[in-house]
Amino acid sequence: MPLAATRMGRILPSQTIAITQKARALKAEGRDIISLSAGEPDFDTPDFIKQAAIEAIQRGETKYTDVAGTPALRQAVAARLNADFDLDYRAEEICISTGGKQVIYNAMVATLNEGDEVIIPAPAWVSYPDIVQLADGKPVIVPTTSETGFRLTAEQLRAAITPRTRWLMLNSPCNPTGSAYSREELKALTDVLLEHPQIWVLTDDIYAKLTYDGRQAYTIVQVEPRLRERTLTMNGVSKAYAMTGWRIGFAAAPVQLIKELIKLQGQSTSNACSIAQAAALAAVSAPQDFIQEMVSVYQKRRDLVVAALSRVPGLICPKPEGAFYVFVSVQNLLGKRTASGHVLKNDEDFVTALLDETGVAAVHGTAFLMPGYFRVSYATSTELLGEACRRIARFCEGLA
């Protein structure tokens, strides 16, 4: 009798995690590795946030909290979202979870029945379709194009909707492309959604504070308040506050849905770490100016990487508007042979050879449901980015 449940056959291990682990293993063996594969800020968590955690420990805040999070953090998250996006969430409409991924997982498991469909624009974060399938749902992948900046159009959304459509997942700014929807582009989508009252929206805003060139990130309820009663706004502290390891995400949604998320979470992880919640409270309650300092550094890194890779023959490197990734086309290089004799049949061959032959770790586009590309994270030092770009250039120039 097989050990694993049938549902486990529907999913694969996270490919971004797998590549990052391979890079770490090679580095441990003594290889000169530059990893551009992880979606993790290289900045340390700000000192005032760490101090808040230390003080919470010293006060003895080491016990269970409410499943949905401490009242203070739920209130502070509501206030943060309201201030950032001109919304009107209340504390009872917030649920604190162990990272943003748990928010998405909880939402899908709590709401999907077998065969329910979830529209996912591609490229997309690697975990979206797997989470949907674990919840017995059906991912409906809608490929976008570079011509639209990898943004879903109203026409594509309308064509993808069926009587079984339950959710639309939207991520802006997007991992892996860095594309950010304008207010007008979101309004075109919300106009379609208003025609279909059975569809809920999960808006993944985890990179909303990381936008460049003066661009502002918008969220669904901000653009169309009439969708408030069927929207789950997901955010967290991992990216903008450099707190990936603290594992705090949060959901903002109507009380009806929040109660279901709490019920499910109460039978799985229960509350998120009490100390991490204290740190998150400090992060979201403080003046947010320090985030702009990180954004300024990220923008300089983005410009360095885009300029360097755009000069490489065969690569096409659009300039992202947010997050900390560039999504680079290698379609002009497929079919060529590396200096060591490997034929690049696809994007996975490209990133595998790049790692083996140059020590640069990146993630292939197929992992994000978009073959022919690779993703580079510029959440690392300027010096390492410069060296990585030089290695990528030499690699590509050596293809025959």
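Name the pairs whose Cβ atoms lie under 8 Å apart, with the first residue in the range 144-159 and open to solvent by less than 50 Å² (accessible area, probe 1.4 Å), the second at pLDDT 95 or above and of a type in the set (Phe, Trp, Tyr), and 6 or more positions between them or separate chains?
Final answer for the pair search is 144/150; 150/327; 151/181.
In the range 320-341, how many residues are closer than 30 Å to residue 400 by Cβ, touching a residue at least 24 places away in the same chain (Cβ under 8 Å) and not hydrophobic (A, V, I, L, M, F, W, C)? Show your work before the answer.
Within the range 320-341, the subset closer than 30 Å to residue 400 by Cβ is 325-341.
Right, trim to touching a residue at least 24 places away in the same chain (Cβ under 8 Å) and you get 325-331, 333-334, 336-339.
Pick out the ones that are also not hydrophobic (A, V, I, L, M, F, W, C) and you get 325, 329, 331, 336-338.
Total satisfying the criteria: 6.
Go through the residues of the range 321-340 one by one and say whether even a single one is assigned to a helix (DSSP H, G or I), closer than 20 Å to residue 174 by Cβ and not β-branched (Val, Ile, Thr). Explain how you work it out, then say what you get.
Residues of the range 321-340 that are assigned to a helix (DSSP H, G or I), as a first pass: 331-333.
From what is left, the residues that are closer than 20 Å to residue 174 by Cβ are 331.
Okay, now just the ones that are also not β-branched (Val, Ile, Thr), so 331.
Yes, some residue in the range 321-340 is assigned to a helix (DSSP H, G or I), closer than 20 Å to residue 174 by Cβ and not β-branched (Val, Ile, Thr).
Do we find a residue being over 21 Å from residue 318 (Cβ atoms) and surrounded by 16 or more Cβ atoms within 10 Å (Cβ to Cβ) anywhere in the range 373-380? Give the derivation first.
Start the filter on the range 373-380 by keeping residues that are over 21 Å from residue 318 (Cβ atoms), which leaves none.
No, the range 373-380 has no match at all.
Between 313, 287, which is open to solvent by 60 Å² or more (accessible area, probe 1.4 Å), assigned to a loop (DSSP other than H, G, I, E, B) and free of Cβ contacts under 8 Å to residues at least 12 places away in the same chain?
Numbers: 313 fails: free of Cβ contacts under 8 Å to residues at least 12 places away in the same chain.
The conditions single out 287.
Which is open to solvent by less than 10 Å² (accessible area, probe 1.4 Å) and either among the aliphatic types (A, V, I, L, M) or closer than 22 Å to residue 205 by Cβ (or both), of 134, 168?
Working: 134 fails: open to solvent by less than 10 Å² (accessible area, probe 1.4 Å).
Testing whether each residue is open to solvent by less than 10 Å² (accessible area, probe 1.4 Å) and either among the aliphatic types (A, V, I, L, M) or closer than 22 Å to residue 205 by Cβ (or both) leaves just 168.
Can you tell me which residue within the range 1-16, out of those that are touching a residue at least 40 places away in the same chain (Cβ under 8 Å) and part of a helix (DSSP H, G or I), is least open to solvent (accessible area, probe 1.4 Å)?
Quick first cut of the range 1-16, residues touching a residue at least 40 places away in the same chain (Cβ under 8 Å) only: 7, 10-12, 14-16.
In the following step, the residues that additionally are part of a helix (DSSP H, G or I) were identified as 7, 10, 15-16.
On the way: 7: 117, 10: 92, 15: 59, 16: 20 Å².
Residue satisfying both the conditions and the ranking: 16.
Residue 30 is checked against (1) open to solvent by less than 30 Å² (accessible area, probe 1.4 Å); (2) assigned to a loop (DSSP other than H, G, I, E, B); (3) farther than 18 Å from residue 245 by Cα and fails just one. What number does that condition carry?
Here residue 30 meets the rest and fails (1).
For the range 243-253, what are the residues that are touching a Ser or Thr at 6+ places or on another chain (Cβ under 6 Å), assigned to a loop (DSSP other than H, G, I, E, B) and open to solvent by less than 10 Å² (accessible area, probe 1.4 Å)? Give the derivation first.
Residues of the range 243-253 that are touching a Ser or Thr at 6+ places or on another chain (Cβ under 6 Å), as a first pass: 243-244, 247, 249, 252.
Going one step further and asking which of them are assigned to a loop (DSSP other than H, G, I, E, B), we end up with 243, 247.
Within the range 243-253, just 243 meets the criteria.
Does residue 79 satisfy the condition of being within 26 Å of residue 260 (Cα to Cα), within 22 Å of the chain's Cα centre (by Cα) and open to solvent by less than 80 Å² (accessible area, probe 1.4 Å)?
Values: within 26 Å of residue 260 (Cα to Cα): yes; within 22 Å of the chain's Cα centre (by Cα): no; open to solvent by less than 80 Å² (accessible area, probe 1.4 Å): yes.
Spelling it out, it is not the case that residue 79 is within 26 Å of residue 260 (Cα to Cα), within 22 Å of the chain's Cα centre (by Cα) and open to solvent by less than 80 Å² (accessible area, probe 1.4 Å).
Looking at residue 107 and the list (1) among the small types (Gly, Ala, Ser); (2) assigned to a loop (DSSP other than H, G, I, E, B); (3) within 21 Å of the chain's Cα centre (by Cα); (4) under 30 Å from residue 263 (Cβ atoms), which single condition is not satisfied?
Tallying (1) among the small types (Gly, Ala, Ser); (2) assigned to a loop (DSSP other than H, G, I, E, B); (3) within 21 Å of the chain's Cα centre (by Cα); (4) under 30 Å from residue 263 (Cβ atoms), residue 107 fails exactly one: (2).
Just name the residue that is most open to solvent (accessible area, probe 1.4 Å) out of those in the range 344-372 that are in a loop (DSSP other than H, G, I, E, B) and either farther than 14 Å from residue 36 by Cα or among the hydrophobic types (A, V, I, L, M, F, W, C) (or both). Give the steps one after another, and end with the answer.
Of all residues in the range 344-372, those in a loop (DSSP other than H, G, I, E, B) come to 344-346, 359, 362, 369-372.
Filter again for either farther than 14 Å from residue 36 by Cα or among the hydrophobic types (A, V, I, L, M, F, W, C) (or both), leaving 344-346, 362, 369-372.
Values: 344: 1, 345: 147, 346: 61, 362: 3, 369: 55, 370: 23, 371: 81, 372: 5 Å².
Here the answer is 345.
Which members of the range 120-158 meet the condition of being farther than 20 Å from residue 184 by Cβ and part of a helix (DSSP H, G or I)? Don't jump to the end; show me each part of the working.
Within the range 120-158, the first condition is being farther than 20 Å from residue 184 by Cβ, and the residues that meet it are 120, 122-141, 143.
Of everything in the range 120-158, those that are farther than 20 Å from residue 184 by Cβ and part of a helix (DSSP H, G or I) turn out to be 127, 128, 129, 130, 131, 132, 133, 134.
Any residue at all in the range 388-396 that is more than 20 Å from residue 22 (Cβ to Cβ), open to solvent by 10 Å² or more (accessible area, probe 1.4 Å), at pLDDT 95 or above and not in a helix (DSSP H, G or I)?
Checked the range 388-396: no residue is more than 20 Å from residue 22 (Cβ to Cβ), open to solvent by 10 Å² or more (accessible area, probe 1.4 Å), at pLDDT 95 or above and not in a helix (DSSP H, G or I).
Pick from 267, 222, 256: which is without any contact (Cβ under 8 Å) to a residue 12 or more places away in the chain and either crowded, with 19+ Cβ neighbours inside 10 Å or more than 15 Å from residue 111 (Cα to Cα) (or both)? Lay out the reasoning, then the answer.
Numbers: 222 fails: without any contact (Cβ under 8 Å) to a residue 12 or more places away in the chain; 256 fails: either crowded, with 19+ Cβ neighbours inside 10 Å or more than 15 Å from residue 111 (Cα to Cα) (or both).
After ruling out the rest, the residue left standing is 267.
The values are calculated or read from the model by the stated rules, or taken from the named source; none is laboratory data. Predicted model, so just to flag it, every value in this text is computed and none were measured. Heads up, the Cβs are rebuilt from the backbone with ideal geometry, glycines too, and the neighbour counts pull from every protein chain shown. Surface areas here come from the heavy atoms of the whole protein model, side chains and all, with no ligands, DNA or RNA. Shrake-Rupley method; radii C 1.70, N 1.55, O 1.52, S 1.80 Å.
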